Amino acid sequence: LKMPHWLCYSSTDMVNWTAHGPVLSATGFSYAQPNGSGAAQVVKGADNKFYYYVTLKRKDNQQHTIDVAVSDSPTGPFKPARKDGTPLITDDMTPDSHRTNADIDPTVIIDDDGTPWMAWGNGDCYIVKLSRDMTSLDGPVHHLGLRNFSEGPWLFKRKGLYYMVYAADAPGVQTEQMAYATASSVLGPWTYGGLLTGSAK
């Protein structure tokens, strides 16, 4: 990674955009490499604060982590939210992954009953229930056996059905394609829905 921070842009018409500059930097996390800002997602909590779930890279062992920052506004500034200064997700929480850098690309959903869930992964997709404070875990990490899963999951819910859209390593294809799966429960079982796009070129 060669990215020092995360930028924010806003629009009222999806055509014209306003730049708000950097809203969070990797240097805000004491254990993180300064140029290790990776894929992230912002979600509004029940307390009307905005929580930024981010991918980082550790200084000490080069492993990826996931952490969370908080702000009163989607345009920031965001500050690390965990009081003890430790990452939310670390590699030792996903020892069954077949890739060493599995802990990247967080996606978060707040379910209809107010329960927050976070999914993530590289090569293997994982999910965990978050506490209502949005900054700690409330249960075990679950492995989701998503077909052809590569990285970049996006979790959402529509008409009572959960959807997971993700970058897929389809057999025999060199470049990633977008695939999706659905489930009636956020923990699955997940049913593969097929490819949504062709190869990225």
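I need a count of the residues in region 176-187 that are assigned to a loop (DSSP other than H, G, I, E, B) and crowded, with 18+ Cβ neighbours inside 10 Å. I'd like the intermediate steps shown before the answer.
Residues of region 176-187 assigned to a loop (DSSP other than H, G, I, E, B): 176, 184-187.
Applying the additional criterion that residues be crowded, with 18+ Cβ neighbours inside 10 Å yields 176, 186.
Residues in region 176-187 being assigned to a loop (DSSP other than H, G, I, E, B) and crowded, with 18+ Cβ neighbours inside 10 Å: 2 in total.
A Cβ distance below 6 Å, combined with a sequence gap of six or more or placement on separate chains, defines the contacts here; from region 87-100, residues that are open to solvent by 30 Å² or more (accessible area, probe 1.4 Å) reach residues that are in a loop (DSSP other than H, G, I, E, B) in the pairs Met93/Val141; His98/Gly123; Arg99/Gly123. Under the condition of being in contact with a helix residue (DSSP H, G or I) (Cβ under 8 Å, 6 or more places away or on another chain) and surrounded by fewer than 16 Cβ atoms within 10 Å (Cβ to Cβ), the residues counted in region 61-86 number 1. Residues that are open to solvent by 30 Å² or more (accessible area, probe 1.4 Å) and either in a loop (DSSP other than H, G, I, E, B) or at negative phi (or both) do not occur anywhere in region 118-127. Every condition in (1) within 12 Å of the chain's Cα centre (by Cα); (2) modelled with pLDDT under 95 is met by Val108 except one, and the failing one is (2). Here Gly139 does not fit the description of being surrounded by 19 or more Cβ atoms within 10 Å (Cβ to Cβ), of a type in the set (Gly, Ala, Ser) and in contact with a strand residue (DSSP E or B) (Cβ under 7 Å, 6 or more places away or on another chain).
As a summary of the residue check, Thr27 satisfies the conditions (1) touching a residue at least 24 places away in the same chain (Cβ under 8 Å); (2) under 15 Å from Trp6 (Cβ atoms) except for the one numbered (1).
Each residue in region 144-175 was checked for being in contact (Cβ under 8 Å) with a residue 24 or more places away in the chain, surrounded by fewer than 12 Cβ atoms within 10 Å (Cβ to Cβ) and under 15 Å from Thr197 (Cα atoms), and 2 pass.
Suppose we keep only residues that are more than 24 Å from Ala119 (Cβ to Cβ), assigned to a loop (DSSP other than H, G, I, E, B) and open to solvent by 80 Å² or more (accessible area, probe 1.4 Å) within region 1-33. Which one would you say is modelled with the lowest pLDDT? The selected residue is Lys2. List the number of the failed condition for Gly36; all other conditions in (1) of a type outside the set (Val, Ile, Thr); (2) over 14 Å from Met134 (Cβ atoms); (3) surrounded by fewer than 19 Cβ atoms within 10 Å (Cβ to Cβ); (4) modelled with pLDDT under 95 hold. With respect to (1) of a type outside the set (Val, Ile, Thr); (2) over 14 Å from Met134 (Cβ atoms); (3) surrounded by fewer than 19 Cβ atoms within 10 Å (Cβ to Cβ); (4) modelled with pLDDT under 95, Gly36 is out only on (3).
The values are calculated or read from the model by the stated rules, or taken from the named source; none is laboratory data. Note that the structure is predicted; figures quoted are calculated from it, not measured. Quick reminder, even Gly has a Cβ in these numbers, built from the backbone with ideal geometry, and neighbours come from all protein chains shown. SASA here: full protein model, heavy atoms, side chains in, ligands and nucleic acids out. Shrake-Rupley method; radii C 1.70, N 1.55, O 1.52, S 1.80 Å.
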